[in-house]
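Okay, so here's the structure we're looking at.
Please treat every number below as a calculation from the coordinates, not as lab data. None of these values were measured; they are calculated from a predicted model. Counting neighbours? That spans all protein chains shown, and the Cβs are built from the backbone with ideal geometry, glycine included.
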Amino acid sequence: MDIMENELTCKIDSNASTCPLLGGNAVFRARSLQATYNDSIYYDDQLLCNQQGVYYRLAQEEQEEEQLIEREMFMVYPNPNAGLLQIEINKIDGLAQFEIVNTLGQNILQWQHSDVRQSLDLNKLQISSGMYYIRVKQTDGTSMQQKFIYQKQ
């Protein structure tokens with residue numbers, strides 16, 4: 001009987017120390033059972049979940065959702081691009097600052113514009129094929145960024 005009780009206690013302890021976001025109600029049931037023989041244990045759910053990667057995943061999902069919203073507000077197409085790049089922004093408040101930056105962070109081109117739709121001929125910029133970023137900084141302090149690939153013909 002001692003071996004079975006010890007095995008059951010180990011399973012209860014194991015379930016009780018699981019992140020509740022992963023284990024659900026089973027975690028709280030195990031903690032209730034555990035309290036019958038040891039009521040001095042405290043569980044830091046945030047720490048447990050962080051150790052098991054749950055909050056990280058939730059934060060990563062939030063970041064991906066924010067990036068999706070940003071892509072809907074600020075579109076650069078076609079991507080990859082062979083010359084004429086289309087830029088569309090959902091809303092521009094006043095005069096926005098645009099810049100094209102390479103992967104080293106070097107500024108390639110900078111301009112200001114207030115139109116929500118623009119066309120840019122990349123062939124006139126004399127840039128090499130590769131990945132670039134278009135950054136938009138608005139007067140209200142918000143900024144957006146999209147990457148694009150230029151394939152010189």
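The calculated FRET efficiency for Gln60 paired with Asn123, based on their beta-carbon distance and R0 = 35 Å, is about 0.40.
For the chain, Cys10 stand unpaired, since no other cysteine beta carbon lies under 4.7 Å from theirs.
The computed mean projected area of the Cα convex hull in nm² for the structure shown corresponds, within [x] 14.7; [y] 11.2; [z] 9.4, to [x].
Using the eigenvalues of the Cα gyration tensor, what equivalent ellipsoid semi-axes result for region 2-52 when each is taken as the square root of five times the eigenvalue, whole Å, largest first? Don't skip to the end; give the middle numbers.
On the way: eigenvalues 79, 26, 18 Å².
Whole-Å semi-axes of the equivalent ellipsoid: 20, 11, 9.
For a straight C-alpha distance cut-off of 20 angstrom, the lysines reachable from Lys152 (same-chain residues fewer than eight places away being disregarded) are Lys124.
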